[in-house]
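Shown next, in structure tokens, is the structure this report addresses.
No value in this document is a laboratory result; all are computed from the given coordinates. Predicted model only: the values in this text are computed from it and were never measured. FYI the Cβ positions are ideal-geometry reconstructions off the backbone, even for glycines, and counts take in every protein chain you see.
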Amino acid sequence: MILRTTLLSLLLLSQAAGQNVLTRAIDIRTLPYERSLEKLPVDLTATIGFVESGGTAFVQDNSAGTHLHFKPARRDLVVGDQVRVKGFTMAGLYLPGIDVTELQILGHGSAPEPVKAGYEDLTTGRFHYQRVSIEGLGRTLTALDENRSLLRLAIGSRVIEVRVDAALASAPNLIDARLRITALAAGGINDRRQLVFPYLRVTDWSDVVVIHVPPAADSLPITSVAALLPFGSADEPQHRARIRGTVLAAFEDGRVFLRDVTPPPPPREVKKDEPPKPPLSPAIAIHLISNPLLQHSTTPSLPSTQPLRSGDLAEIIGFPIMAGFSASLADALLLKTEPADAPEAVHVSLKDFLDGSHDADLVHLTSPAVLQDVLRTADGFELRFTAGGTPIRAFLLQSNTPDFELGSSCALTGICLVESASTDKGFRSEPDRASLLLRSISDIRILSKAAFWDAQRLVITISILGAIVSLSLFWITQQRRQITRLERRIVEQATLEERQRIAREFHDTLEQELTGLSLRLDAALTRPLEDKARNLLGTSRNLVSRIQSEARNLVSDLRDDTAHATNLPEALQLLAKRAPEGIAITLDLHPIGPIPPHVTHHLRMIAQEAITNALKHAHPTQIQLHLSTTPSLLSLRITDNGQGFDPTAQTHGQPGHFGCIGIRERARKVCAEVRWESEQGKGTAVWVELPIEK
């Protein structure tokens, strides 16, 4: 592995022989990202400022600082070592560093001189990976693990983490002390090579110097809530303040609300023409922390963390901060408690609740509120009310879903929280909105339950009735269609039965009589007769045969003898087969789409009537049946080469002749148009045109 690394280093050095060697830390850290990937050669002499592990160290020269990375790891480096580093540039997470191929310890001296920095210097990354000197107030001190500690340092109004590579047990008293810390500037980096937040790295407690020892907690004077963060206090770091008051509410997340028992705040200034305003609330919001550092505190008598109860008289020490609309105490510790009576809620109007004068106080709204919605949150539930047309949000910190009906009228009690503030034209900060933090479910008292017919139930009922009406209409429509189909089937069945009855009567009477007459004429023709009589009997015999043929065709039509004709072309082919001898019927039939059976029947009967009329009156020798379609029209044409006639005068009915009238009536039944084209001696053409969409 070592041989492979050496060979790789020699190869890279040979490739970089023609390139300029970087010899200053500032030249390395200011390289653009793309240039740092080119593995530029480095020969740097610097001093170790911080050792992260055997594989990473941070060095500084008189220009800036950078970071080193080793393979394999080295365990012999300590802060203050003067080293000569050879290698190549690497991109790093935030700024470029050195991929070390050779490191030589030149000697040992003092650590690099730190540069004085402020919070803004750390957030901009100006001194990233360099030793810096920072001053501030110690806020909290906790253990990261068995051998590391976490100190939170207040720098003005900002708080930064200081990660110390030393055990908590060996830490001095740092809380509320003025500190000077020498550390490595570092921070959290995202995948876009951006500094998300800064923090400091410290080797041991010797780099944390106490400039001003904090006073004992029980020696601090009790301060009024109204005296926190006055004018001029921002010039100095905010040390801890000690307050005394009645506990209004205490929550598991460390939030405590206290009503000050010291003298009340001064009255609010009002103009002469304005009504007097209610006094400001003496309440304050506090965030308690657990107290793992009792052995390092200046007050050995501090009690262990214990649950506070509403009504307890408590003394609390903490750091004043501006939170939202009013001053608050952060990183606070409980000094002592005494049991006392439960506090009374201040009865306030909706206007007083929203104007910010009761921020952090326990209030009872005199206006009833109507529950509109219940939403689950990460900590519990958000209840949305309206009071006098104004929306109000209330937060309930519990896991069980509150059993309230929407629309119920409620009386509300809870901690007033001004959520945000805005500045108006008169330089005065006014609250944007306020909400309630409920201590428990008992802070909601039901005045009246919601009416049964609320908007939601009314909408559901109307929806159900609408669905029932829609289903009823659908069922009625289906029943009507079913009845229409049954009526049509009954009519068709009755029609079929009547036609079959007429066909039977024709067959049993007229056709039988014609058959008998035909037999008698045949018998008469076998006897010796004169030529004139024989010719007369022969003509009569032919006439009877023709009448028999027509009668059979009629009976066949009445019996709907089209079982084998499933469509119009087949029905027309059957007509052609029935043609009498001596008449040539030619077919010019093109494929057509499906059409209803009754349309097929009427078109077939029109064609049969046209053929019959031609045979009776025109005496043709040829008849042609033509059938075709276009996308919008079906055409049926019956053409003969007979004598022809005048269609204007003879197609509207003559005494004893009803064929053309029947054709017109059948055409109207199927919404078709019919016309005759004929001239004397030039034959006849009957045109039937049916729009397909009809």
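Compare the Cα positions of L40, P172, G54 along the charge dipole of the chain (+1 at Cβ of Lys, Arg; -1 at Cβ of Asp, Glu; about the Cα centre) and return the one farthest towards the positive end.
The Cα lying farthest towards the positive end belongs to L40.
Work out the charge dipole of the chain with +1 on the Cβ of Lys and Arg and -1 on the Cβ of Asp and Glu about the Cα centre, then indicate which of T612, G136, L587 is farthest towards its positive end.
Of the listed residues, the answer is T612.
Running Debye on the stretch 392-517 with equal point scatterers at the Cα sites and no solvent, what base-10 log of I(q)/I(0) appears at q = 0.15, 0.18 Å⁻¹?
-0.95, -1.06
Which whole-number percentage describes the relative contact order of the chain, with Cα contacts under 8 Å and a sequence gap of 6 or more? Spell out each step's value before the answer.
On the way: 1326 pairs, mean separation 36.0, N = 694.
Computed value for the chain: 5 percent relative contact order.
Non-local amide H neighbours of G187 (under 5 Å, H modeled in plane, Pro and chain starts lacking H): which ones?
Y199
Could you work out how far helix 455-505 tilts from the main Cα principal axis of the chain, as a 0 to 90 degree angle to the nearest 10?
It is inclined by approximately 20 degrees.
Amide H to amide H, which residues 5 or more places from D312 or on other chains are under 5 Å from it, using H placed in the peptide plane?
Amide H neighbours of D312, under 5 Å, 5+ apart: V247, A340.
On a 27 Å Cα-Cα criterion, which of the cross-link pairs K532/K682; K532/K616; K616/K682 come out too long?
K532/K682
Work out from phi, with θ = phi - 60° and the Karplus expression 6.51 cos²θ - 1.76 cosθ + 1.60, the ³J(HN,Hα) of each residue of the stretch 529-535, listed in order in whole Hz, and give x for Gly and Pro.
Each residue of the stretch 529-535 in turn: 9, 6, 4, 5, 5, 4, 5 Hz.
Give me the one-decimal nm value for the distance between modelled label points at I464 and A227, 7 Å along each residue's Cα-to-Cβ direction.
6.7 nm
Roughly how many whole Å is it from the C-alpha centroid of the stretch 621-649 to that of the stretch 111-167?
That distance is 107 Å.
State whether the stretch 346-450 is rounded, prolate or oblate according to the following rule on the C-alpha gyration tensor (a ≥ b ≥ c being the square roots of its eigenvalues): a/c under 1.5 gives rounded; otherwise a/b larger than b/c gives prolate, and the remaining case gives oblate. Let's see the in-between values first.
Values: a/c = 1.98, a/b = 1.63, b/c = 1.22.
Prolate, because a/c is 1.5 or more and a/b exceeds b/c.
What nm value, rounded to one decimal, do you get for the distance between T401 and V209 when each label is placed 7 Å out toward the C-beta?
Placing both labels 7 Å along Cα→Cβ, they lie 6.2 nm apart.
From the residues G318, S442, G245, which one has its Cα farthest along the dipole of the chain in the positive direction, the dipole being from +1 and -1 charges on Cβ of Lys/Arg and Asp/Glu about the Cα centre?
After comparing all options, I get S442.
Could you calculate, for the chain, the ratio of the Cα radius of gyration to the Kirkwood radius, expressed as Rg to Rh?
Ratio of gyration radius to Kirkwood radius for the chain: 1.46.
Let me make sure I get this right: for the stretch 146-268, a, b and c are the square roots of the gyration tensor eigenvalues over alpha carbons, sorted descending. Under 1.5 in a/c it's rounded, otherwise prolate if a/b > b/c, else oblate. Which is it? Could you put the intermediate results ahead of the total?
Working: a/c = 2.04, a/b = 1.77, b/c = 1.16.
Prolate, since a/c reaches 1.5 and a/b exceeds b/c.
Write down the radius of gyration of the stretch 452-561 and its Dmax, each obtained from C-alpha positions, in Å.
Final numbers for Rg and Dmax: 32.5, 111 Å.
What are the ³J(HN,Hα) values, in whole Hz, obtained from phi via the Karplus relation 6.51 cos²θ - 1.76 cosθ + 1.60 with θ = phi - 60°, for each residue of the stretch 387-399 in sequence order, with x given for Gly and Pro?
For the stretch 387-399, the Karplus-derived couplings read 10, x, x, 9, x, 9, 9, 10, 10, 10, 8, 8, 8 Hz, x marking Gly and Pro.
Residue by residue, what Karplus-based ³J(HN,Hα) values in Hz, rounded to whole numbers, does the stretch 606-620 have, using 6.51, -1.76 and 1.60 with θ = phi - 60° and x for Gly and Pro?
The phi angles translate into 4, 4, 5, 5, 5, 5, 4, 4, 5, 5, 6, 10, 9, 6, x Hz.
Based on Cβ point charges of +1 for Lys and Arg and -1 for Asp and Glu, what charge dipole magnitude is obtained for the stretch 452-561 about its Cα centre, in debye rounded to the nearest 20?
Numbers: 17 positive and 16 negative charges, 37 e Å.
Result for the stretch 452-561 is approximately 180 debye, rounded to the nearest 20.
Under a 5 Å amide H to amide H cut-off, with H placed in plane at 1.01 Å, what residues pair with A323 once short-range neighbours are removed?
Correct list: S328.
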